[in-house]
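First comes the structure, then the notes that go with it.
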Amino acid sequence: MSDRWLYAWALAAVAFGGASLTVPLYVVELGGDAFVLGILFATASFVGVPGALVFGRLADRTGRRRVFVLGAMAATATTAVAIPAVDSIPLVVVFNAVLWLGFAAATPVLTLLVVAGAPEREWTDRIARLNKLQGIGWAAGLLVGFLVVAAGSTVLAVVDAQRLFFLVCAACSGVGFAVATRELPADPAPGREPSPRRLRRRVREADRFTVRGAAFPFTPGRIDVRRLYPRRFVARFTPDLAIYFGAVLLVFTGFGVFFAPLPAYLGDVGYDSSGVFALYLLLNVGAAVAFGWAGRLARRYEVTVLQAVALLGRGLAFPTVVLLGAGGVVGSLTLGAVFVLVGITWAVIAVTAATLVSRLSPPAIRGEALGVYGALVALAGGLGGLFGGTLAASGYVVAFGAAGALVGVGALVVALLGRRTAAGTAAREGAVGAGSGP
């Protein structure tokens with residue numbers, strides 16, 4: 001099977017990555033404030049999980065996969081042309097929701113396509129390759145956005161430079177669509193679908209390393225809708241898993257509170273569109289570079305401690321951003337370093353989260369637990385977007401301070417959960433030791 005379709009999807013990822021930041025910046029240029037950005041952020045989040053579930057079930061029932069990936073690419077190209085053609089913020093919000101609905105529609109079927117026809121021993125590597133190319137495309141979208149907006153702004157108004165970049169995004173997705181129509185693998189024949197249980201295990205091994213959640217926590221993960229049993233999940237739901245999911249809600253709500261109004265804040269303190277692109281690029285590059293290092297740490301140290309430390313570092317970084325402000329050259333360099341730190345902490349959080357969910361879940365519901373985790377991430381990101389936009393109306397210090405506090409409380413919950421599980425393990429080992437005596 002040819003892998004050229006993966007490069008086609010990477011081109012679409014360029015459009016997704018670029019549009020993920022250009023749309024908020026465009027809304028700001030049209031007169032939108034932090035509250036409007038919260039609405040924009042939340043709507044993109046709230047369409048994600050239902051979209052993934054609905055389209056995932058449709059793909060499962062019909063056996064058709066290609067149409068959803070091609071539809072996502074077509075929707076991306078169409079919305080990237082439509083958004084710069086309108087000056088209405090409500091229409092931009094609607095088009096942005098369509099953009100991320102398309103992404104959500106493609107997400108659950110990409111994994112099935114990438115392993116189609118491949119032996120099981122290659123699944124992990126193929127899924128990891130999909131993630132890598134998608135991550136490269138996402139970061140490239142930010143880099144191209146920086147270059148196009150920076151160069152375009154020298155001869156055009158900023159809003160026109162942004163419109164120009166939307167057309168670049170549309171072209172990338174359009175070319176990807178043209179290639180994918182020829183190169184996408186055929187839909188699997190009936191009865192030749194990969195085993196859901198085995199596929200979920202491979203996803204757990206390969207799907208943690210994604211940069212897109214570093215600054216956009218509303219994007220859903222790969223939710224496998226096959227063989228989901230809600231009643232069984234509820235019946236086997238454990239207290240430790242419930243505690244961790246509570247921490248996830250706190251943490252990702254905090255992420256949304258911070259990231260939703262962030263473009264408006266950066267504009268208010270003097271950063272132009274190219275400067276904002278540069279900061280977000282630093283964040284994503286920091287995450288991408290740190291994934292290998294984070295994986296090695298996760299193999300050597302207790303993952304609850306690692307995640308709690310990473311969350312605490314992120315929680316402290318959020319209010320630091322508003323304290324630094326623009327601050328001239330030194331302040332900008334310091335702010336860039338803070339964005340790199342925020343990216344590095346995401347790598348640790350992403351690597352340890354899948355491990356924690358798997359560890360805290362009974363084996364029978366492990367796949368469902370990872371799906372619920374992805375849904376909670378998107379839901380919390382959307383709620384955080386609404387809260388962040390509302391709080392920013394009272395001041396960015398309030399909003400970013402609240403974001404840091406939510407993440408800090410989540411870090412404390414994770415740390416206490418680590419102590420709880422360690423104590424439970426020690427008690428069980430002591431009981432086994434006592435029972436094995438003479």
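The values are calculated or read from the model by the stated rules, or taken from the named source; none is laboratory data. In this text the structure is predicted, and so the values were computed from the model without any measurement. Every residue, glycine among them, receives a Cβ derived from its backbone with ideal geometry; neighbour counts consider all protein chains shown.
Among (1) modelled with pLDDT of 60 or more; (2) surrounded by fewer than 16 Cβ atoms within 10 Å (Cβ to Cβ); (3) in contact with a helix residue (DSSP H, G or I) (Cβ under 9 Å, 6 or more places away or on another chain), which single condition is ARG198 missing? Condition not satisfied by ARG198: (1). Taking the conditions (1) within 18 Å of PRO263 (Cα to Cα); (2) surrounded by fewer than 22 Cβ atoms within 10 Å (Cβ to Cβ) in turn, PHE318 satisfies each one other than (2). Determine if the range 39-55 includes at least one residue that is among the β-branched types (Val, Ile, Thr) and in contact with a Phe, Trp or Tyr (Cβ under 8 Å, 6 or more places away or on another chain). Looking for residues that are among the β-branched types (Val, Ile, Thr) and in contact with a Phe, Trp or Tyr (Cβ under 8 Å, 6 or more places away or on another chain), one finds at least one in the range 39-55, hence yes. Would you call ASP160 acidic (Asp, Glu) and either surrounded by 21 or more Cβ atoms within 10 Å (Cβ to Cβ) or out of contact with any Gly (no Cβ under 9 Å at 6 or more places or on another chain) (or both)? When the stated conditions are applied, ASP160 does not pass them.
Listed by position, the helices (runs of 4 or more DSSP H) inside the range 1-103 whose residues that are at pLDDT 90 or above number at least 3 are 4-29, 34-46, 66-82.
Restricting the first member to the range 394-418 and to residues that are over 9 Å from VAL257 (Cβ atoms), and the second to residues that are surrounded by fewer than 24 Cβ atoms within 10 Å (Cβ to Cβ) and charged (D, E, K, R), the beta-carbon pairs closer than 7 Å and six or more apart or on different chains are LEU417/ASP240; GLY418/GLU302. Within the option set THR304, THR334, THR345, THR355, being of a type in the set (Ser, Thr, Tyr), surrounded by fewer than 17 Cβ atoms within 10 Å (Cβ to Cβ), in contact with a helix residue (DSSP H, G or I) (Cβ under 8 Å, 6 or more places away or on another chain) and part of a helix (DSSP H, G or I) holds for one residue only, THR334. May I ask you to verify whether ALA294 is out of contact with any Gly (no Cβ under 9 Å at 6 or more places or on another chain), in contact (Cβ under 8 Å) with a residue 12 or more places away in the chain and over 30 Å from GLN162 (Cβ atoms)? Against the criterion (out of contact with any Gly (no Cβ under 9 Å at 6 or more places or on another chain), in contact (Cβ under 8 Å) with a residue 12 or more places away in the chain and over 30 Å from GLN162 (Cβ atoms)), ALA294 qualifies.
Out of all the residues in the range 114-125, is one or more at pLDDT 75 or above, among the β-branched types (Val, Ile, Thr) and within 23 Å of THR22 (Cβ to Cβ)? Scanning the range 114-125, I find no residue that is at pLDDT 75 or above, among the β-branched types (Val, Ile, Thr) and within 23 Å of THR22 (Cβ to Cβ), so the answer is no. Here's a check for you: in the range 132-190, which residue that is over 27 Å from the mean Cα position of the chain (by Cα) and farther than 20 Å from SER274 by Cα is modelled with the lowest pLDDT? Residue satisfying both the conditions and the ranking: PRO190. In the range 168-177 there is no residue matching the filter, namely being in the same structural domain as LEU30 (by TED's automatic domain parsing) and surrounded by fewer than 16 Cβ atoms within 10 Å (Cβ to Cβ).
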